[in-house]
Amino acid sequence: MDLVQILRGVDLFQGLNPEQLRRLADISHRAVYRSDDVIFSQGSVGDKLYIIADGQVEIRFSDADGSDHAVLFLGSGQIFGEMALLDQGKRSATVAAVQDNTIVYGMARDEFEALCLADTSIGYVMMRNMALDLSFKLRHKNLDPSTDL
Amino acid sequence: MIYKVSYVVVGGEYPGGIKNESERPQVGSVVQIGRVKFQVTEVHEIIPPRDDFQFLHATVKPVEETANAEPSKTS
């Protein structure tokens with residue numbers, strides 16, 4: 001499937017026109033992971049936002065005692081890594097693929113910011129949509145009793 | 001229409017998930033969250049629809065009571 005078509009199915013990109021989607025597709029880089037492949041690790045430096053085109057990933061937190069536990073699974077159409085893109089802090093969790101042929105597209109912060117500066121409407125729409133996505137994740141967390149464990 | 005669904009597992013011992021679906025989940029339908037399959041027990045709207053998206057919350061239970069619904073835990 002054409003990447004612009006994939007981006008059209010992701011709520012992060014709702015409100016953008018076809019030309020804006022094409023410009024975002026131009027800075028998106030495809031990667032394919034096998035089950036258990038780590039995409040990034042908690043504490044590492046983060047400079048990319050990721051979009052899941054196919055498959056699922058697991059979000060894991062490491063406790064102070066060194067044990068990992070899964071807190072959330074994300075499937076197609078979801079984004080991750082946006083926190084480090086926004087606040088430039090270290091990765092707050094580890095993300096690993098849980099299915100073979102999990103396909104993600106990475107968007108580097110510097111390329112994304114350059115695009116937002118060149119077309120501020122892209123920046124406005126995506127920042128609004130990113131806030132809505134974080135709000136949805138927070139609502140999910142509030143409803144999920146496993147996050148209390 | 002695309003359905004962005006927040007799935008939560010009954011009992012709270014297994015983490016839930018978020019994924020986009022091309023069809024609205026129905027009570028009784030089966031969904032895979034992580035490596036485990038679950039059955040949908042309840043679906044409702046979590047926030048109002050926007051553009052081409054509906055935002056749903058679904059509660060699920062393991063397809064079989066004997067299913068291994070332990071989250072991954074490593075030291």
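Observations, loosely collected:
- Packing around the peptides A:27-37, B:34-44, taken as the average count of other Cβ atoms within 10 Å per residue, puts them in this order, highest first: B:34-44, A:27-37.
- In sequence order, the stretch B:21-33 has phi-based couplings of 10, 7, 10, 5, x, 10, 4, x, 6, 9, 9, 9, 10 Hz under the Karplus curve 6.51 cos²θ - 1.76 cosθ + 1.60, θ = phi - 60°, and Gly or Pro positions carry x.
- Of the peptides A:57-64, B:24-31, the order by per-residue mean of other Cβ atoms within 10 Å, starting with the highest, comes out as A:57-64, B:24-31.
- Accessible surface for the stretch A:3-142, divided over its residues, is 44 Å² per residue with a 1.4 Å probe.
- Cα→Cβ-extended label distance, 7 Å offset, between B:V10 and A:V38, nm: 3.6 nm
- Summary of the geometry: the stretch A:1-71 and the stretch B:27-44, compared by the centres of their Cα atoms, lie 23 Å apart.
- Amide proton proximity set for B:I18, modelled H, under 5 Å, gap of 5+: A:F73, A:L74, A:G75, B:Y7
- Counted charge near A:L117, where neighbours are those whose Cβ lies closer than 15 Å (Asp, Glu -1; Lys, Arg +1): -2
- Residue mean of other protein chain beta carbons inside 10 Å, A:72-84: 4
- Peptide A:7-17, shielding by other chains (average Cβ, 10 Å cutoff): 2
- Summed buried accessible surface, chains B and A, 1.4 Å probe, nearest 100 Å²: 2800 Å²
- Residues whose placed amide H lies under 5 Å from that of A:G46, excluding near-sequence neighbours: A:R91
- By accessible area with a 1.4 Å probe, ligands and nucleic acids excluded, highest first: order of A:R23, A:R139: A:R139, A:R23
- Within the accessible surface of chain A, defined with a 1.4 Å probe on protein heavy atoms only, the carbon and sulfur portion equals 51 percent.
- Per residue of peptide A:131-144, the mean number of Cβ atoms on other chains within 10 Å of the residue Cβ is 4.
- Karplus-derived 3J(HN,Hα) values for the stretch A:84-99, using 6.51 cos²θ - 1.76 cosθ + 1.60 with θ = phi - 60°, are 5, 5, 7, 9, 6, x, 6, 4, 8, 7, 8, 10, 9, 6, 10, 9 Hz; glycine and proline are entered as x.
- Estimated inter-spin distance, A:H69 and A:Y124, nm [label 7 Å along Cα→Cβ]: 4.4 nm
The values are calculated or read from the model by the stated rules, or taken from the named source; none is laboratory data. The structure displayed is predicted, hence computed values, not measured ones. Cβ sites come from the backbone with ideal geometry, for glycine too, and all protein chains shown count toward neighbours. Accessible surface is based on the protein model in full, side chains and every heavy atom, while ligands, DNA and RNA are left aside. Shrake-Rupley method; radii C 1.70, N 1.55, O 1.52, S 1.80 Å.
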